[in-house]
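Rule-based calculations on the coordinates, nothing more; no lab input. What you are looking at is a predicted structure, and each value in this text was computed from that prediction instead of being measured. Ideal geometry is used to build each Cβ from the backbone, glycine not excepted, and the neighbour counts take in all protein chains shown.
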Amino acid sequence: MSLFLWKAEYAIDQGTIDNEHQRLFGMARHILDLELGPDKLEEFKTIVREFYDYTATHFEHEERYMTDIHYPDLNDHKAKHKAIISEMNHYLSTDRKFSLLLSNFKSLAVKWVFDHILDEDLKIKKFLTI
């Protein structure tokens, strides 16, 4: 899906953060490409577990990076990270049907990339160029 193709203009630090964002783009593509079916449940569980864990780890790295560069909107950004993790936890704890969980994680993957990485995280880049 071309929606999640990495572009150089998305780069923030030319290092760890960008590498992690690229991996998250790949995971989001994988989630969006998954189809319903009894043979897909285990694959879905694996990618969602990986997506969840990697997202949490990435947030720790990104928050440390923002602290190091004295990013002025750190607390607001951290709150947005917490909201994303809370939304994931909500879906994982309440969605009992595979179809609903898949649909919600597909929506979350899109929202995560476009509302957070391509909006909120690019504000870090703007801050660095001031």
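Quick look at the values:
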read-out	value
Cα pair distances in the chain, grouped into 10 Å bins until the bin that holds the longest one, percent each	12, 44, 31, 11, 2, 0
Footprinting exposure proxy for ARG23, ARG64 (fewest neighbouring C-beta atoms within 10 Å first)	ARG64, ARG23
Global form of segment 58-116, assessed from the alpha-carbon gyration tensor, a/c cut-off 1.5	prolate
Unit charges on C-beta of K, R, D, E only; dipole of segment 2-128, Debye	280 debye
J(HN,Hα) series, segment 38-51, from Karplus relation 6.51 cos²θ - 1.76 cosθ + 1.60, nearest Hz, glycine and proline x	x, 7, 9, 4, 5, 4, 4, 4, 5, 5, 5, 4, 5, 4
